[in-house]
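Notes for the one structure printed next.
The values are calculated or read from the model by the stated rules, or taken from the named source; none is laboratory data. The model shown is predicted, which means the values in this text are computed figures rather than measured ones. When we count neighbours, we look across all protein chains shown, and the Cβ atoms used for this are built from the backbone with ideal geometry, even at glycine. The protein model used for the area step is the full one, side chains on, heavy atoms only, and it has no ligands, DNA or RNA in it. Shrake-Rupley method; radii C 1.70, N 1.55, O 1.52, S 1.80 Å.
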Amino acid sequence: MPPMTDSRNGSTKPPAASGSAGSYTIDVANFARRLKEFYNHWNKHKSDLWSSSDSIVIATPPPSEDIRYLKSSALHVWLFGYEFPEAIMVFMNKKIHFLCSPKKAGVLETVKKSAKEAVNVDVVIHVKQKNDDAAALIDGLLQDVQSENESEKSIVGHIQKEEPEGKLLEIWAEKLAGSSLQLADITNGFSELFAVKDASELNCVRKAAYLTSTVMKNFVVPKLEQTIDEEKKVSHSSLMEETEKAIQDPIKLKVKLKADNVDICYPPILQSGGKFDLRPSASCNDDNLYYESASVILCALGARYGSYCANIARSFLIDANSNQSKAYEVLLKAQNAAISALKPGNMLSSVYRAAVSVVDSEAPELLPHLSKTAGTGIGLEFRESGLTLNTRNARTVSPGMVFNVSLGFQNLQSQTKNPKTEIFSLLLADTVIMASEKRPEVLTSTCSKAVKDVAYSFAEDAEELPKVKTKATTIAEAVLSKASLRSDKQNLSKEELRRQHQAKLAQQKNEETARRLAGVGSISGNYRGPVKASSEMNTYKNVSDIPFSKELMIQVDQKNEAVLFPIYGCMVPFHVSTIKSVTSNQDNRTSTVRIIFNVPGTPFSPHDANSLKHQGAIYLKEITFRSKDPRHSSEVVQLIKTLRRQVTSRESERAERATLVTQEKLQLAGTRMKPTRLMDLSIRPAFPGRGRKLTGTLEAHINGFRYSTSKIDERVEIMYGNIKHAFFQPAEREMITLLHFRLHNHIMVGNRKTLDIQFYVEVMDVVQTIGGGRRSALDPDEIEEEQRERDRKNKINMDFQNFVNKVHDHWGQQQFRDLDLEFDQPLRELGFHGVPHKASSFIVPSSSCLVELIETPPLVITLGEIEIVNLERVGLGQKSFDMAIVFKDFSKDVFRIDSIPSSSLDGVKEWLDTTDIKYYESRLNLNWRPILKTIIDDPEKFIEDGGWEFLNLEGSDSETDGSQESDQGYAPSEMEVESESEEDASESESLVESEDDEEEEDDDGDSEEDKGKTWEELEREATRADRERGDESDSEEERKWRKAKALGKSRIPDRRDAKGNPPKRPKLR
């Protein structure tokens, strides 16, 4: 039976019934096993750890409201599963004495038989009545202890640091001190006994750690983010109380642990505002949470399950400066080094030395501020004495030990003028177990401590704009806010900062590209060798295997994939793959069947393995048969076509599978770990076959996913190690909620090879109203139907979210840490419309990719694989622009996203700048294939010419190009033509002049005469000037078209050039 813990102080509840103790029972098998272990340890280490004690006395004090950790209480829980307050135990070689109340005595009666069988000792129970001071019982007990030992002065072991509390223990301590017994401290013996945990103890620690990390991840972090986002004033003490309630009510966090078995290790600690105390005994003050720029928030909490402790601590950085970021990165490396040093056989001192070594090499100036220990052992006690991770502890690490690895920096200087941020501290703590001889397992790793997950950037340019108080936002909102409405001065400063950042990125990108090109002799993609040819086509091994036929007519042998033709009175077999095409033609009462064969050397029929092997063979090119049975001819033709299609499909699938990478075998979850399931999912790409597509179930097993339907052959397995990106996109404005996986290597879905696989559920049913009439918005049926749709969508989104959370927890295990797996969620706030393939779609960035997952084929572009982005057709008058994405692998084609609305330009540029992607802008679309070919052919010349700076054409042409296209795309309405014709004429005049300014300086003097020219004359002059420069573009023609239409011309202007040829779209060569 699990221990019943008190809801406040963590002490286990004493039995409340007499006799058999009612609902309280002791696990006698567990008691016997641990009692035997205790006696064996005592006898084996009697002299070195147990102070040569002949008997051991343990006295537990009365219950207390304070949280305290006593070895006497720990021994009770370890042996019995309960604590017996105000009780005395005496362990001797032949007897075990208990002095307790009648209720406790009733419970202890059940262990007499087990104790006798386990260690051959008799259990003697002394019952203390309610009004009895037990002095007589104590005298008899001490006399029995003295009489059992043969030596004149018997040594009695006790826990020296535990002071007697209550009347019973005070009398006991007084009489024990007055006796002739010699007292010795046995604390080290219990420390060693409790250090190594068995399987059931480790299970309790795991559950406590799971609860601890879940509270931190799913309650504390969202609570802090909400408080900062809404700019609330919340005190540390109130946050502490809410966190404590969350720990003691795990069901609200969907943690399936009984609240009776759960408690806190200590009151949760939340600190900010420059006042920090890294000790677990620290308390929260009533100051409000401070989250202004350059502030640090510390949070530490611990939970207990079955009296076994687990601990976690995290530091959260708000708009951290360079000093804070560097200190955190060093602390994170130091803690990881300390955890890695926890290996069986290593001394505990090596753990702290590993942390010191990292700090000394990375930032020696921080060494004086480092905590003096790297943590302690943890279990029934929060800090197990004897297992402190400091430089003096020579004990060795053993499998089964559990540690609270805790490191921190105290009172660092952040170099700010704000007194609440001038001094800061950092703390990281995790619960780590040595479950086996392998590397340590971090139980609290599900709550990330990576810099990207604990560092928040809310303020924008606080140093330059101190008067602007920004609201705390998420990362997506921070990017969006830079493109939101601001003053003109702020907009200018943002654009200038963006240009400066892009200039730095350009230098870094050119250096990176130069290093990559210099380090690789030739640039090429992932080369795949030639596909192995199919085995030699053999229809029949012997002539006797050819089926006998009485009639000479065309036959199809589907079993051997052969077609038998009657030639000169013999049935000659041909493998169906040798047939190129077969046709039939009916004329009156006869039918003609024409068969064309694959002949090597002809167009579209290259030499295969068989033709190269039999180079002297004679091939049949074509054969024609005439039949008087049209029905048989049609059947034969249909059978040949069907068989040929099946064989071609099979060979194609075989060729696809030959290029696949062999995956590891899926390890199914057993009874200990039930697989996490998500039901009623559809899959894309769908399994082949006709008919209604079946939904299936996605299961998360030990090392991969399995999707299966009710059909046996419809099954897909995705290994975790093959997942490159995982996405979860809930339905917001879409009709589906989906999980999408981009893989490293192709897998087969049916007979199709794919790198992208998606599982989805339609959140709304397509319904067509019978009758076709519009229903009122106030119609109760309509309102009810909409509510049902909302509930269905929310339920599906929640089911997906729960599945993702459980998989995340599984991926947090040590074995998957190197895979760096997590479900990424696209940020709709940063999305924009565009045409990545054939249709317009909504493209959404995520933290690591640019994706579009609703339409098919899906779009998944890894940001880390992008070299540069070129924004093309960017101009003041353009309604849309294009995005050309150049990959680091120059052998890949440039990916284009066309027709992005110009209103999204600022948001796209801000997103690219925020994700450190260098972008360029151009007026025209570039022909990228020759550009990349030039780079691949001569990378040295590309580097010498400045790398990608050839794209930076805006600098020299910004003035002329800006004036050239200033009015491009502007089309006045018919009502504005008369009033603004003169202004338009003057603008057109300046357009012509600015373009001819570099070539003809004398044109400036003719500007006065040009004012009297008609619109047609100005247009012709502008077109002529463009033609002479060779810069005429389709956008210029569009401008003429729009202005001609605005002026009400009845004739469409001729778009041909001077030679009568239609205009061509220019390309940059």
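A Cβ distance below 9 Å, combined with a sequence gap of six or more or placement on separate chains, defines the contacts here; from region 919-931, residues that are under 14 Å from Ile897 (Cβ atoms) reach residues that are outside any strand (DSSP E or B) and at pLDDT 90 or above in the pairs Tyr919/Val908; Tyr919/Lys909; Tyr919/Leu912; Asn925/Arg873; Trp928/Asp893; Trp928/Val894.
Look at Lys153 and say whether it is in contact (Cβ under 8 Å) with a residue 12 or more places away in the chain, surrounded by 15 or more Cβ atoms within 10 Å (Cβ to Cβ) and not in a helix (DSSP H, G or I). So Lys153 fails the test. Close Cβ contacts (under 6 Å, 6 or more residues apart or on different chains) running from residues in region 231-251 that are in a strand (DSSP E or B) to residues that are surrounded by fewer than 15 Cβ atoms within 10 Å (Cβ to Cβ) comprise Ser235/Asp286. Taking the numbered list (1) in contact (Cβ under 8 Å) with a residue 24 or more places away in the chain; (2) under 29 Å from Ser295 (Cα atoms); (3) of a type in the set (Gly, Ala, Ser) in turn, Ser357 passes all entries but (1). Within region 719-726, can one find any residue that is open to solvent by 30 Å² or more (accessible area, probe 1.4 Å) and of a type in the set (Gly, Ala, Ser)? Yes, region 719-726 contains a residue that is open to solvent by 30 Å² or more (accessible area, probe 1.4 Å) and of a type in the set (Gly, Ala, Ser).
Does region 318-328 include one or more residues that are modelled with pLDDT of 90 or more, of a type in the set (D, E, K, R) and either in contact with a helix residue (DSSP H, G or I) (Cβ under 7 Å, 6 or more places away or on another chain) or surrounded by 22 or more Cβ atoms within 10 Å (Cβ to Cβ) (or both)? Scanning region 318-328 turns up no residue that is modelled with pLDDT of 90 or more, of a type in the set (D, E, K, R) and either in contact with a helix residue (DSSP H, G or I) (Cβ under 7 Å, 6 or more places away or on another chain) or surrounded by 22 or more Cβ atoms within 10 Å (Cβ to Cβ) (or both). Filtered by the rule that a residue be out of contact with any Lys or Arg (no Cβ under 8 Å at 6 or more places or on another chain) and assigned to a helix (DSSP H, G or I), region 920-933 gives Trp928, Arg929, Ile931, Leu932, Lys933. Every condition in (1) within 30 Å of the chain's Cα centre (by Cα); (2) surrounded by fewer than 18 Cβ atoms within 10 Å (Cβ to Cβ); (3) not in a loop (DSSP other than H, G, I, E, B) holds for Lys256 except the one numbered (3). Pull up region 568-599, narrow it to residues that are among the hydrophobic types (A, V, I, L, M, F, W, C) and either exposed (fewer than 13 other Cβ atoms within 10 Å of the Cβ) or under 56 Å from the mean Cα position of the chain (by Cα) (or both), then point me to the one that is modelled with the lowest pLDDT. Step by step, filter region 568-599, then rank; the result is Val599. Restricted to region 627-663, and to residues there that are at pLDDT below 80 and not in a helix (DSSP H, G or I), the residue that is farthest from Met571 (Cα to Cα) is Gln663.
Within region 73-94, is there a residue that is of a type outside the set (A, V, I, L, M, F, W, C) and surrounded by fewer than 20 Cβ atoms within 10 Å (Cβ to Cβ)? Yes, region 73-94 contains at least one residue that is of a type outside the set (A, V, I, L, M, F, W, C) and surrounded by fewer than 20 Cβ atoms within 10 Å (Cβ to Cβ). Out of the residues in region 402-422 that are touching a Gly at 6+ places or on another chain (Cβ under 8 Å) and not in a loop (DSSP other than H, G, I, E, B), which is most open to solvent (accessible area, probe 1.4 Å)? Filtering region 402-422 for residues that are touching a Gly at 6+ places or on another chain (Cβ under 8 Å) and not in a loop (DSSP other than H, G, I, E, B), the one most open to solvent (accessible area, probe 1.4 Å) comes out as Ser406. Taken over region 819-836, the criterion of being closer than 12 Å to His808 by Cβ and either open to solvent by 50 Å² or more (accessible area, probe 1.4 Å) or basic (Lys, Arg) (or both) is satisfied by Glu822, Gln825. Name every residue in region 295-307 that is open to solvent by less than 10 Å² (accessible area, probe 1.4 Å) and in contact with a helix residue (DSSP H, G or I) (Cβ under 7 Å, 6 or more places away or on another chain), in order of residue number. Within region 295-307, Val296, Ile297, Cys299, Leu301, Gly302, Ala303, Gly306, Ser307 meet the criteria. For beta carbons closer than 9 Å, sequence separation of 6+ or different chains, a first residue in region 168-184 that is under 11 Å from Ser154 (Cβ atoms) and a second that is in a helix (DSSP H, G or I) and open to solvent by less than 40 Å² (accessible area, probe 1.4 Å), the qualifying pairs are Ser179/Leu142; Ser179/Val145; Leu181/Leu142; Leu181/Val145; Leu183/Leu176. In region 509-526, the residues that are closer than 23 Å to Asn870 by Cβ and assigned to a loop (DSSP other than H, G, I, E, B) reach residues that are at pLDDT 50 or above and small (Gly, Ala, Ser) with C-beta atoms within less than 6 angstrom, at least six apart or across chains, in these pairs: Ser524/Ser891; Gly525/Ser891.
Are any of the residues in region 132-150 touching an Asp or Glu at 6+ places or on another chain (Cβ under 6 Å) and of a type in the set (A, V, I, L, M, F, W, C)?
Scanning region 132-150 turns up no residue that is touching an Asp or Glu at 6+ places or on another chain (Cβ under 6 Å) and of a type in the set (A, V, I, L, M, F, W, C).
The residues of region 115-135 that are surrounded by fewer than 17 Cβ atoms within 10 Å (Cβ to Cβ) and in a loop (DSSP other than H, G, I, E, B), listed by number, are Asn120, Gln129, Lys130, Asn131, Asp132, Asp133.
Residue-wise test of (1) surrounded by fewer than 21 Cβ atoms within 10 Å (Cβ to Cβ); (2) touching a strand residue (DSSP E or B) at 6+ places or on another chain (Cβ under 9 Å); (3) touching a residue at least 40 places away in the same chain (Cβ under 8 Å).
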residue	(1), (2), (3)
Arg873	no, yes, yes
Leu876	yes, no, yes
Lys879	yes, yes, yes
Asp893	yes, yes, no
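Considering Val761, Val860, the condition of being open to solvent by less than 80 Å² (accessible area, probe 1.4 Å), within 28 Å of Lys674 (Cα to Cα) and either more than 22 Å from the chain's Cα centre (by Cα) or at pLDDT 85 or above (or both) is satisfied by Val761 alone.
Give me the residue from region 69-114 that is among the hydroxyl-bearing types (Ser, Thr, Tyr) and in a helix (DSSP H, G or I) and, out of that set, farthest from Phe38 (Cα to Cα). This residue is Thr110. The sole residue among Val111, Val107 that is open to solvent by less than 60 Å² (accessible area, probe 1.4 Å) and at pLDDT 90 or above is Val111. The set of residues in region 37-55 being in contact with an Asp or Glu (Cβ under 9 Å, 6 or more places away or on another chain), open to solvent by less than 40 Å² (accessible area, probe 1.4 Å) and either part of a helix (DSSP H, G or I) or not charged (D, E, K, R) (or both) consists of His41, Leu49, Ser55.
Taking the stated definitions as given, is Ser425 touching a strand residue (DSSP E or B) at 6+ places or on another chain (Cβ under 6 Å) and buried (at least 18 other Cβ atoms within 10 Å of the Cβ)? The answer is yes for Ser425. Tell me the residue from Gly375, Gly386, Gly379 that is crowded, with 18+ Cβ neighbours inside 10 Å, at pLDDT below 90 and within 30 Å of Glu83 (Cβ to Cβ), please. Matching residue, one of Gly375, Gly386, Gly379: Gly386. On inspection, Leu853 fails the criterion of being over 23 Å from Leu505 (Cβ atoms), out of contact with any Leu (no Cβ under 9 Å at 6 or more places or on another chain) and not charged (D, E, K, R). Just one of the listed residues (Thr602, Thr624) is surrounded by fewer than 16 Cβ atoms within 10 Å (Cβ to Cβ) and either in a strand (DSSP E or B) or modelled with pLDDT of 90 or more (or both), and it is Thr624.
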